[in-house]
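Only one structure is covered here, and it is reproduced in the block below.
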Protein chains: 4
Amino acid sequence: MELTGPIELTDHRYGKAENRIVRIWRQTARHEIRDVNVSTVLRGDFADAYVAGDQRKVLPTDTQKQTAYAYAKQPGLQAIEDYALALAGHFVDDVEPVTSARVEVDEYAWQRVSVDGREHEHTWVRQGSEVRTAAVTVAGTGAERQAWVIGGMKDLTILKSTGSEFADFLSDEFTVLAPTHDRMLATSLAVQWRFAGTTDIAWDEVYAGVRARLVETFATHHSKALQQTLFEMGKAALTAYPVLAEIRLAAPNKHHFDYDLGRFGLENNGEVYYAADRPYGLIHATVQRADAPEAGPAWLP
Amino acid sequence: MELTGPIELTDHRYGKAENRIVRIWRQTARHEIRDVNVSTVLRGDFADAYVAGDQRKVLPTDTQKQTAYAYAKQPGLQAIEDYALALAGHFVDDVEPVTSARVEVDEYAWQRVSVDGREHEHTWVRQGSEVRTAAVTVAGTGAERQAWVIGGMKDLTILKSTGSEFADFLSDEFTVLAPTHDRMLATSLAVQWRFAGTTDIAWDEVYAGVRARLVETFATHHSKALQQTLFEMGKAALTAYPVLAEIRLAAPNKHHFDYDLGRFGLENNGEVYYAADRPYGLIHATVQRADAPEAGPAWLP
Amino acid sequence: MELTGPIELTDHRYGKAENRIVRIWRQTARHEIRDVNVSTVLRGDFADAYVAGDQRKVLPTDTQKQTAYAYAKQPGLQAIEDYALALAGHFVDDVEPVTSARVEVDEYAWQRVSVDGREHEHTWVRQGSEVRTAAVTVAGTGAERQAWVIGGMKDLTILKSTGSEFADFLSDEFTVLAPTHDRMLATSLAVQWRFAGTTDIAWDEVYAGVRARLVETFATHHSKALQQTLFEMGKAALTAYPVLAEIRLAAPNKHHFDYDLGRFGLENNGEVYYAADRPYGLIHATVQRADAPEAGPAWLP
Amino acid sequence: MELTGPIELTDHRYGKAENRIVRIWRQTARHEIRDVNVSTVLRGDFADAYVAGDQRKVLPTDTQKQTAYAYAKQPGLQAIEDYALALAGHFVDDVEPVTSARVEVDEYAWQRVSVDGREHEHTWVRQGSEVRTAAVTVAGTGAERQAWVIGGMKDLTILKSTGSEFADFLSDEFTVLAPTHDRMLATSLAVQWRFAGTTDIAWDEVYAGVRARLVETFATHHSKALQQTLFEMGKAALTAYPVLAEIRLAAPNKHHFDYDLGRFGLENNGEVYYAADRPYGLIHATVQRADAPEAGPAWLP
């Protein structure tokens, strides 16, 4: 099939990715830290830059960077959802050609170090591999103004050494996998939750609470498959937090294979595993409230 | 806003990611190599696995892996678009609960080594950092059967030391960037092109041709902004290949800053640069034929 | 200068790198986990394999892998120093051509998850980015038998938001850095400590104790330079643990630059930083007891 | 064994790592590019900084960075060995407390793009994954002045689909590997060669020539083991270049396993492979001229 129609610019967007910002709050001797990676994306009336090389409506990505740093000072950087709402709102409100702005933030956690059993006032170590995330979209001005907030986490690596099985599955001519009723289950979770609204939300509290529900459910739910575990995790989070409309979970099945030690006259009853890199199963689930408001552009990158 | 509706599973999918397959064709003394990374994703009637832990309709991800390797032998692995069409078609046709399948392939290029000025028959070195990609979706059976093919490339790092400017842009109170009429322009391209059809296409030829058009346009087009360069590159590719419906380009602006050597009494006329890692501008463009067929699920991950 | 002498094989060694082993101890309902990455290296009478292609004295790297897994079962994998001593000892004692063996182990820490305020019996999350390390060398048999043990850690990322300065340094014509009396100090520590002996040592306890001393000293010592901080950290560790002969510290200075917000009418008193990737300062220090025994091949890779 | 001796600073060094410098030569319309990553390390009279926090003899790592960029302009950055010799020489000659300096350089290769069959004057794409390296040490001043130059390459990924075997190896109770007389052999080479002298050497020519010898030998030599192949490669390089004193090769055996397709009724005669990530064999060889001058500190990091 050959096409002959005119060639046109359709979707386009641009921004500044991976602004690494550290914010220290030092009003008292006990400092606080927020360590983030911020990316901004603008949509709007920028076609002339693409089609004609005319930058008159293009706010430089360098300016977006400066603004991201300035907003870390004022209004300031506390909960990343609030920061992202303020920054995205600024681009839409104050920069004429911008019709919508998306701000994505990764936050790295730090833990205060302990000295003589007491928390130190200005020293921390990086905590865990997990990263808290936010993705905020603001579109329209005045009465048309709308906003969407997605919270989340990624790279939470979690493992259980029993309480997981995988059996009674569909077989075809390429199926050689043996069913198992006791296996190790490990994954590195990437989860995002969409809030029903954008105001009066205790962002940090919801983050901590959802994380706790996810982890507890993974631990205590007897798993017949990673699919089931993910669904139960999502359900537990939504049940606990009615401010959430939807939760999306992506989980690689980080395979741990029982190592064959029988060849050497050794028993291996779930004791020695080979932790494989690739390939890995990859399971996705979306769990949603039936009365969730429309997602609109919330999931658009 | 608090929600009270029932909690439901909505979108879900699963598959096996990153099957690393190398295929050698050795009918003659002159061997051929294809080196790929294959990921499969199935959509269909799998809700019971999530909601009830019932695997009776679930084809294991291990089986998907076995099939990916078996299909590399037969029908075989030549152009990755053909291989992905065959593999995705198999899942939809032969596995009852599957309603649609997506197969994504990354291909790593190898270059024959030269011995005494002649190409060696069975030895290669990895060529470049760029990766060829394909993403194929097959849905429906019988008369409902449809397929979509996206070709592409990523990690093509390209740089020009002149012929690029960025000036006359929008300014606000956070704008401190100086306009420039001669700068280095460097990026690492990720490009995907959607084919209008799925049959009678010389996949390898289109790949080589699109790559050549992209590179030539980047080199010869005087750039007023990376946005403009991307649009021209996309337009050149679509113009040359009427079998393409749409092309999507994503390009980080890999900033190279003139190093301030004036402090040391040295002139620096575009000679010494600091190559920065982060942050970076990130520009997206979609260029499309007006008579392109609907994309359907082609871009769904 | 042109050389004419005969061409000879001199140093050579070989092994199996990155065996990913997970060991679960499940004698009781409360499981224990050890998660490691093991590399083995053999030295010995292997010249014929290199020079003549004769493998008769070469124990395959595959066999080294099998042995690493088998030894995780029995004698078992608890403290990585003990495991490495046993495995290296086996190669030297039981494989004739081996004259010395080195086993290097990285250990990833896991933290039990908490459910209803109580530690779960068989579920963990990956803890921190830091990695515990061991490098053990065993050489000789019978009366000639010797062993060396190095413990350590890497990727411990630590940051203090005040209590660090850098001033009064040497200047030359390329020096433009401004002195500072209050800066952020951040690093990602790689530390290795050599034990004076190899027996009667509480490996896990020393690891925890050295880590605590390093962290406490980083936090509480007022730093005039990262060099000074490293020396004090090393001294604190050796002082606390007379079983240590020597400690080597390598620390990238992960620069955090005060962001210039004055351009936007905002004060920035150590509140908003740009966390840079590259380049970075890189500081090394070795701190040693004057009566330390000879290191021998302990540091040889 | 417990030690009681005084605790002392022994070895120490510091520098600036990973200065990313791009140098464009633009005297004519046909530009030339050199793209490097430079690390500097100084040794000398710096104990006071560690022990007493006294920086008076410490040249800041920031100054080392400035100097690395300034030297890219003048004397200039052509062959990386020459650049490193000049930069290291400067630190030793011009900065009083420095007794020796080491400069390590990684160079990334770029290939001119082709437009209408002709090389473009100012546009390139990144070529291959391989990296050229240099490590230069300069020590002493005046009559004591000495220098050592090591050239090299890393990340050269090379594969042959036949012409390799591994059999007749040593067996013990953990040996389960089957011998093979036709296997795929793949590796990612890291090679360093030490020059006998430092003057009158055509650095770029030696680099290209050694690379060609290594690649040709890998291709044409029938391999009884990776050990043998490495030795032959090293010998070929030294034979061709009498200016070399020594060559060190490190090669991971990137295992490609024949995929078991017999389960599915398919033959697999070296056609379909699983390319494994970890673990991998890791083979080291040093090949040397018998009349090589002493290495001195050449290999010291």
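The values are calculated or read from the model by the stated rules, or taken from the named source; none is laboratory data. All values reported here derive from a predicted model rather than from experimental measurement. Neighbour counts run over all protein chains shown; Cβ positions are idealised from the backbone, glycine included. We work out accessible area using only protein heavy atoms, side chains counted, and drop any ligands, DNA or RNA first. Shrake-Rupley method; radii C 1.70, N 1.55, O 1.52, S 1.80 Å.
For the reader, a short list of remarks on this structure follows.
- Some residue of segment A:74-90 being touching a residue at least 40 places away in the same chain (Cβ under 8 Å) and either assigned to a strand (DSSP E or B) or facing chain B (nearest Cβ under 8 Å) (or both): no
- Of the criteria (1) β-branched (Val, Ile, Thr); (2) more than 28 Å from C:Met184 (Cα to Cα); (3) outside any helix (DSSP H, G or I); (4) open to solvent by 10 Å² or more (accessible area, probe 1.4 Å), which one A:Val58 fails: (4)
- Restricting attention to segment D:222-269, the residues that are buried (at least 18 other Cβ atoms within 10 Å of the Cβ) and polar (S, T, N, Q) add up to 5.
- Residue check for C:Thr4: in the same structural domain as C:Trp124 (by TED's automatic domain parsing), of a type outside the set (A, V, I, L, M, F, W, C) and either in contact (Cβ under 8 Å) with a residue 60 or more places away in the chain or farther than 26 Å from C:Lys154 by Cα (or both): no
- Every residue from segment D:1-47 that is open to solvent by 10 Å² or more (accessible area, probe 1.4 Å), more than 23 Å from C:Ile283 (Cβ to Cβ) and assigned to a strand (DSSP E or B): D:Trp25, D:Glu32, D:Ile33, D:Arg34
- Checking each residue in segment B:194-217 for being of a type in the set (A, V, I, L, M, F, W, C) and touching a helix residue (DSSP H, G or I) at 6+ places or on another chain (Cβ under 6 Å) picks out B:Trp203, B:Val210, B:Leu214.
- Counting only strands (runs of 3 or more DSSP E) that sit completely within segment C:222-301, those holding 2 or more residues that are closer than 30 Å to A:Arg30 by Cα, in contact (Cβ under 8 Å) with a residue 60 or more places away in the chain and within 9 Å of chain D (Cβ to nearest Cβ) correspond to C:244-253.
- Applying a threshold of 6 Å to beta carbon distances and a minimum spacing of six or more residues, or different chains, the list of pairs starting in segment A:137-155 at a residue that is in the same structural domain as A:Val206 (by TED's automatic domain parsing) and within 16 Å of A:Ala79 (Cα to Cα) and ending at one that is open to solvent by 10 Å² or more (accessible area, probe 1.4 Å) and basic (Lys, Arg) reads A:Met153/A:Arg132.
- Subset of segment B:161-178 (residues that are small (Gly, Ala, Ser) and more than 9 Å from chain A (Cβ to nearest Cβ)): B:Ser161, B:Gly163, B:Ser164, B:Ala178
- Condition broken by C:Thr123, with the remaining ones in (1) at pLDDT below 95; (2) within 16 Å of A:Ala212 (Cα to Cα) satisfied: (1)
- Within segment C:47-64, the residues that satisfy the criterion of being within 12 Å of D:Gln227 (Cβ to Cβ) and either in contact (Cβ under 8 Å) with a residue 12 or more places away in the chain or facing chain D (nearest Cβ under 7 Å) (or both) are C:Ala47, C:Ala49, C:Tyr50, C:Val51, C:Gly53, C:Gln55, C:Lys57, C:Val58, C:Pro60, C:Thr61.
- Of all the criteria given as (1) in contact with a Ser or Thr (Cβ under 9 Å, 6 or more places away or on another chain); (2) within 20 Å of A:Val36 (Cα to Cα), the one not satisfied by A:Ser171 is (2).
- Note on segment C:267-301: residues that are out of contact with any Leu (no Cβ under 8 Å at 6 or more places or on another chain) and of a type in the set (Lys, Arg) amount to 1.
- Filter pass, B:Thr99 being more than 12 Å from chain A (Cβ to nearest Cβ), over 26 Å from the mean Cα position of the chain (by Cα) and modelled with pLDDT of 95 or more: no
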